[in-house]
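Data block below; observations after.
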2 protein chains.
Amino acid sequence: MRPTVHDIAAAAGVSLATVDRVLNRRPGVRHVTREKVENAIREIGYVRDVAAANLAKGRTYPFVFILPASDNSFMHGLNDEVRAAIARSSVERTTIRTLEVPAFDPAALVKVLNELGEERPAGIALVATDAPEVRDAVDRLVKDGIPVVTLVSDLTGSQRHHYAGVDNIAAGRTAARLLGRFLGGAKGEIAVLAGSMLVRDHRERLEGFAAVIAAEFPSLSILPVIEGRDDPETAHMLVADALSKKSGIIGVYSLGAGNRGLIRALKEKAVDRSLTVVAHELTAHTRAALLDGTIDAILNQDAGHEVRSAIRVLKAKADGLAVIDAQERIRLDIFLKDNLP
Amino acid sequence: MRPTVHDIAAAAGVSLATVDRVLNRRPGVRHVTREKVENAIREIGYVRDVAAANLAKGRTYPFVFILPASDNSFMHGLNDEVRAAIARSSVERTTIRTLEVPAFDPAALVKVLNELGEERPAGIALVATDAPEVRDAVDRLVKDGIPVVTLVSDLTGSQRHHYAGVDNIAAGRTAARLLGRFLGGAKGEIAVLAGSMLVRDHRERLEGFAAVIAAEFPSLSILPVIEGRDDPETAHMLVADALSKKSGIIGVYSLGAGNRGLIRALKEKAVDRSLTVVAHELTAHTRAALLDGTIDAILNQDAGHEVRSAIRVLKAKADGLAVIDAQERIRLDIFLKDNLP
DNA sequence: CCAAATCTGATGTACGTAAATCAAAATTTG
DNA sequence: CAAATTTTGATTTACGTACATCAGATTTGG
């Protein structure tokens, strides 16, 4: 049987009330007594029964999710997953609120973060725009003792407690190797479609991609990055234009969102050419394109996993508990037409 | 606030004791009264607070994991993960026991399963050997109300509550496409190394693999399957032999365990040849081989996820609760040298 | 219609922890 | 050394559920 507060009291030779004062950092305990209790806790290996504690406290975890107001399938999916988590909130003792902020807008994000500093929720998850002022705002929250996790895109050099997202450098490198191997030594140009170089995940994907292409596939050259702002219309226009002008393109890497536009451009301009295409994010559109052969591979991050992981980590941090690292590592999913879920 | 038993009592116009009798299927409630209570439960959307219930019951979940006594890295890893789960047992209110049975031995498995029928644990997870007598034994347990999940390898046609493992047909298909695309239209033979055609996961992988090769990569032909019994020594001998005799081999698909032997054979016999190799299960050996270029891609199932998922599902089934399906789908991991964890 | 059987209500205890109150003991201060 | 202050102990209630007991009410069978 696992030890209880009573066992601590017996082991330390103090009363239950004192144990409670130590456990819950209440005042009125002499230093020596506190140490006696803490030693006893360590020796008998007491671990607070979180379920019982939450029951007694009537605790709920008020969490806030800050999401960018982007009109693309991936962000819609992320939104859906947060909503699904909200639907489970009574069972999970969470109270989740979502806040929408303009995409790629550090100032707006900072404003929201500062307001949350006053409100003091039990935890904050945010899709970070990678800027120094955002990092500073996050660091202030962390210093104030509010658990913060970044979601999907991380924040350079910040003190955030956790990042619930994939390793984007590895994602870019993987995309490069898939494209390179699928092209099997052919010579030509690769078009790269990104959302914005202002978000860290896109920058990192490009970095990893370029590194592997340069080092291991010298017959391939990367064209200047097309920035589609994760917007299908913009992406369509820019990609269609590139395909018309450059006849040397034999491969495409789409590392952002807004793939609807890309796919349309490919179907219009490249029916005759056999392009090899690797794209990010599994959506209804990319799934269809993978199945019909327009796209050859999709790299994906599971938004549901990311949201659930963020919640688990926020809870653990709020309770000062450890997390199972392997469980919280968000994996890069690689989908070919054969292993679609 | 979520509704409690008191709210049910008030809504149904009965006493707490009666609500309790209905909720816990205790006798002594007239049919009409029971219906009144059940309607109230439905109307106010009551969900039992499992944490409080377990606290009151002092409940722990006695689970049994049945694992094959195989000496390969994958099964060792699976064992480690079960042990890690055992280490968490006090926190998770589980009491997990593992039983080792000889691999590929339906009779031994049936014997153990029948004994467990007497013992009536709160749940059983097993790596199934796919045989009718095993299926019957499992079905008996299920009929007796004991939650059963298959782990890693499924059981054809059985009533098991859940399968915590990957879709092996999809895995085989994916392997075929990777191999086919990486070979880029070259003509030649593919060697296939399996453990045993007696386990369903291996059969299914082969089936998926063969289907895609036949349909989409006609320039490749599959050699008769080599059965290495998931044993490194056997695998080494058989593969080395095949590589010596067949000069037309340009690719290898290793769909079972025992890859240590395969890798050794490749390093001895194929230094001069540029074979394309796809293998299953990420272990220390396959990881090193992927990094040094001996293997081109590894398909993996995360044993930790499988074990944790099995436990979550068993708990849910024991409590008669629903599971989050998306969370319990075990994904096929594809590793290139760039996205290793 | 009455006794027996069945059903229902009222109540209390328990699980492990949180939180509060009040009394008692120990320590510090003047 | 006494008074003031701090520390500690003892006790109670609560969270939501499980489970047991006993009394009272209702239904059923003869």
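Step by step: first the residues of region A:176-204, then only those that are within 15 Å of the chain's Cα centre (by Cα) and buried (at least 24 other Cβ atoms within 10 Å of the Cβ), then the one that is nearest to the other protein chains (Cβ to nearest Cβ). Which residue is that?
It comes out as A:Asp201.
Condition test on B:Ile249, is it among the aliphatic types (A, V, I, L, M), open to solvent by less than 10 Å² (accessible area, probe 1.4 Å) and more than 27 Å from the chain's Cα centre (by Cα)? Before the answer, list the steps.
Numbers: among the aliphatic types (A, V, I, L, M): yes; open to solvent by less than 10 Å² (accessible area, probe 1.4 Å): yes; more than 27 Å from the chain's Cα centre (by Cα): yes.
Answer is yes for this residue.
Here are some conditions: (1) part of a loop (DSSP other than H, G, I, E, B); (2) more than 22 Å from A:Phe104 (Cα to Cα). A:Ile250 meets all but one. Which one does it not meet?
With respect to (1) part of a loop (DSSP other than H, G, I, E, B); (2) more than 22 Å from A:Phe104 (Cα to Cα), A:Ile250 is out only on (1).
Tell me which residues, restricted to region B:29-56, are of a type in the set (Val, Ile, Thr), more than 10 Å from DNA strand C (Cβ to nearest atom) and exposed (fewer than 14 other Cβ atoms within 10 Å of the Cβ). Before you say what the answer is, go through the steps one by one.
We begin by selecting, within region B:29-56, every residue of a type in the set (Val, Ile, Thr); these are B:29, B:32-33, B:37, B:41, B:44, B:47, B:50.
Remaining after also requiring more than 10 Å from DNA strand C (Cβ to nearest atom): B:41, B:44, B:47, B:50.
Across region B:29-56, the qualifying residue is only B:Val47.
Considering only residues that are within 10 Å of DNA strand C (Cβ to nearest atom), at negative phi and not in a helix (DSSP H, G or I), which ones fall in region B:7-28?
First, the residues of region B:7-28 that are within 10 Å of DNA strand C (Cβ to nearest atom): B:9, B:12-22, B:26-28.
Checking which are at negative phi leaves us with B:9, B:12, B:14-22, B:26-27.
If the condition is that a residue be within 10 Å of DNA strand C (Cβ to nearest atom), at negative phi and not in a helix (DSSP H, G or I), then B:Val14, B:Ser15, B:Arg26, B:Pro27 are the ones that fit.
What about A:Leu238, is it open to solvent by less than 20 Å² (accessible area, probe 1.4 Å), more than 30 Å from A:Asp319 (Cα to Cα) and part of a helix (DSSP H, G or I)? Walk me through how you get there before you give the answer.
Working: open to solvent by less than 20 Å² (accessible area, probe 1.4 Å): no; more than 30 Å from A:Asp319 (Cα to Cα): yes; part of a helix (DSSP H, G or I): yes.
No, not satisfied.
Could you please tell me which pairs satisfy a Cβ distance under 7 Å, a separation of 6+ or placement on different chains, a first residue in region B:1-20 that is within 29 Å of A:Pro62 (Cβ to Cβ), and a second residue that is open to solvent by 30 Å² or more (accessible area, probe 1.4 Å) and more than 9 Å from DNA strand D (Cβ to nearest atom)?
If the second residue must be open to solvent by 30 Å² or more (accessible area, probe 1.4 Å) and more than 9 Å from DNA strand D (Cβ to nearest atom), the pairs left are B:Arg2/A:Ser90; B:Pro3/B:Ile44; B:Pro3/B:Gly45; B:Asp7/B:Ile44; B:Ile8/B:Ile41; B:Ile8/B:Ile44; B:Ala11/B:Glu43; B:Ala11/B:Ile44.
Collect the residues in region B:284-307 that are open to solvent by less than 20 Å² (accessible area, probe 1.4 Å) and more than 30 Å from A:Ala215 (Cβ to Cβ), keeping them in residue-number order.
B:Gln301, B:Ala303, B:Gly304, B:Glu306, B:Val307
Checking the structure you have, find out if any residue of region B:75-86 is over 19 Å from B:Leu282 (Cα atoms) and not basic (Lys, Arg).
The answer is yes, given that some residue of region B:75-86 is over 19 Å from B:Leu282 (Cα atoms) and not basic (Lys, Arg).
Look at region B:6-16 and say how many of its residues are within 42 Å of the chain's Cα centre (by Cα) and either open to solvent by 90 Å² or more (accessible area, probe 1.4 Å) or more than 14 Å from every other protein chain (Cβ to nearest Cβ) (or both).
To start, the set of residues in region B:6-16 that are within 42 Å of the chain's Cα centre (by Cα) comprises B:6-8.
This time we only want the ones that are either open to solvent by 90 Å² or more (accessible area, probe 1.4 Å) or more than 14 Å from every other protein chain (Cβ to nearest Cβ) (or both), so: B:6, B:8.
Matching residues across region B:6-16 total 2.
For the subset of region A:17-28 comprising residues that are surrounded by 13 or more Cβ atoms within 10 Å (Cβ to Cβ) and in contact with a helix residue (DSSP H, G or I) (Cβ under 8 Å, 6 or more places away or on another chain), which member is nearest to A:Ile86 (Cα to Cα)?
A:Leu23
For region A:326-341, which positions are at pLDDT below 95 and either under 18 Å from A:Val148 (Cβ atoms) or in contact with a Pro (Cβ under 6 Å, 6 or more places away or on another chain) (or both)?
none
Kindly provide the set of residues from region B:131-175 that are more than 19 Å from B:Phe104 (Cα to Cα) and within 14 Å of another protein chain (Cβ to nearest Cβ), ordered by number.
B:Val166, B:Asp167, B:Ile169, B:Ala170, B:Ala171, B:Gly172, B:Arg173, B:Thr174, B:Ala175 - these are the residues of region B:131-175 that are more than 19 Å from B:Phe104 (Cα to Cα) and within 14 Å of another protein chain (Cβ to nearest Cβ).
Quick check on my filter: what residues within region B:167-209 are basic (Lys, Arg) and within 22 Å of B:Arg331 (Cα to Cα)?
Listed by number, the residues that qualify are B:Arg173, B:Arg177, B:Arg181, B:Arg200, B:Arg203, B:Arg205.
Can you give me the ranges of the strands (runs of 3 or more DSSP E) entirely in region B:95-175 with at least 1 residues that are open to solvent by 10 Å² or more (accessible area, probe 1.4 Å)? Lay out the reasoning, then the answer.
Working: elements: B:123-126, B:148-151, B:162-164.
Where strands (runs of 3 or more DSSP E) fall fully within region B:95-175 and carry at least 1 residues being open to solvent by 10 Å² or more (accessible area, probe 1.4 Å), they are B:162-164.
Hey, could you check region B:205-230 for residues that are surrounded by fewer than 21 Cβ atoms within 10 Å (Cβ to Cβ) and charged (D, E, K, R) and say which is nearest to B:Val192 (Cα to Cα)?
B:Glu227
From the list B:His161, B:His202, pick out the single residue that is farther than 20 Å from A:Leu290 by Cα and in contact with a Pro (Cβ under 6 Å, 6 or more places away or on another chain).
Working: B:His202 fails: in contact with a Pro (Cβ under 6 Å, 6 or more places away or on another chain).
B:His161 is the lone residue from the list that is farther than 20 Å from A:Leu290 by Cα and in contact with a Pro (Cβ under 6 Å, 6 or more places away or on another chain).
Within region B:258-341, which strands (runs of 3 or more DSSP E) (wholly inside it) include 3 or more residues that are at the interface with another protein chain (Cβ under 9 Å from one of its Cβ atoms) and out of contact with any His (no Cβ under 6 Å at 6 or more places or on another chain)? Before you say what the answer is, go through the steps one by one.
On the way: elements: B:276-280, B:297-300, B:333-335.
Answer list for region B:258-341: B:333-335.
Just to be sure I understand the filter: pairs with C-beta atoms under 9 Å, separated by 6 or more residues or on different chains, first member in region A:87-98 and more than 18 Å from A:Leu67 (Cα to Cα) and assigned by TED's automatic domain parsing to the domain that holds A:Ala318, second member of a type in the set (S, T, N, Q) and open to solvent by less than 50 Å² (accessible area, probe 1.4 Å). Which pairs pass?
A:Arg88/A:Thr94; A:Arg93/A:Asn54
When you check A:Leu23 against the structure, is it more than 10 Å from DNA strand D (Cβ to nearest atom), in contact (Cβ under 8 Å) with a residue 12 or more places away in the chain and within 30 Å of A:Asp130 (Cα to Cα), yes or no?
Values: more than 10 Å from DNA strand D (Cβ to nearest atom): yes; in contact (Cβ under 8 Å) with a residue 12 or more places away in the chain: yes; within 30 Å of A:Asp130 (Cα to Cα): no.
So A:Leu23 does not fit the description; no.
Please go through region A:26-49 and give me each residue that is free of Cβ contacts under 8 Å to residues at least 12 places away in the same chain and over 37 Å from the mean Cα position of the chain (by Cα), ordered by number. Talk me through it step by step, then tell me what you get.
First, the residues of region A:26-49 that are free of Cβ contacts under 8 Å to residues at least 12 places away in the same chain: A:26-32, A:35, A:42.
Residues satisfying the conditions are A:Pro27, A:Gly28, A:Val29, A:Arg30, A:His31, A:Val32, A:Glu35.
Suppose we filter B:Val212, B:Val277, B:Val252, B:Val271 for residues that are among the β-branched types (Val, Ile, Thr) and modelled with pLDDT under 95; which single one remains? So that I can check it myself, show each step before the final result.
Working: B:Val212 fails: modelled with pLDDT under 95; B:Val277 fails: modelled with pLDDT under 95; B:Val252 fails: modelled with pLDDT under 95.
Exactly one residue qualifies, and that residue is B:Val271.
Here's the yes/no breakdown for (1) within 10 Å of DNA strand C (Cβ to nearest atom); (2) touching a Ser or Thr at 6+ places or on another chain (Cβ under 7 Å); (3) among the basic types (Lys, Arg):
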| position | (1), (2), (3) |
| --- | --- |
| A:Val5 | yes, no, no |
| A:Leu67 | no, yes, no |
| A:His76 | no, no, no |
| A:Ile86 | no, no, no |
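Could you tell me how many of the residues in region B:29-74 are in a loop (DSSP other than H, G, I, E, B) and more than 14 Å from every other protein chain (Cβ to nearest Cβ)?
Here is the first cut: in region B:29-74, the residues in a loop (DSSP other than H, G, I, E, B) are B:29-30, B:45-49, B:58-60, B:69-72.
Checking the rest, the ones that are also more than 14 Å from every other protein chain (Cβ to nearest Cβ) come to B:29-30, B:69-72.
Summing the residues that are in a loop (DSSP other than H, G, I, E, B) and more than 14 Å from every other protein chain (Cβ to nearest Cβ) in region B:29-74 gives 6.
Which condition breaks for A:Val82 when tested against (1) open to solvent by less than 20 Å² (accessible area, probe 1.4 Å); (2) outside any helix (DSSP H, G or I); (3) among the β-branched types (Val, Ile, Thr)?
It is condition (2) that A:Val82 fails.
The values are calculated or read from the model by the stated rules, or taken from the named source; none is laboratory data. None of these values were measured; they are calculated from a predicted model. Glycine also receives a Cβ, built like all others from the backbone with ideal geometry; neighbour counts cover every protein chain displayed. With ligands, DNA and RNA removed, areas are computed over all heavy atoms of the protein, side chains included. Shrake-Rupley method; radii C 1.70, N 1.55, O 1.52, S 1.80 Å.
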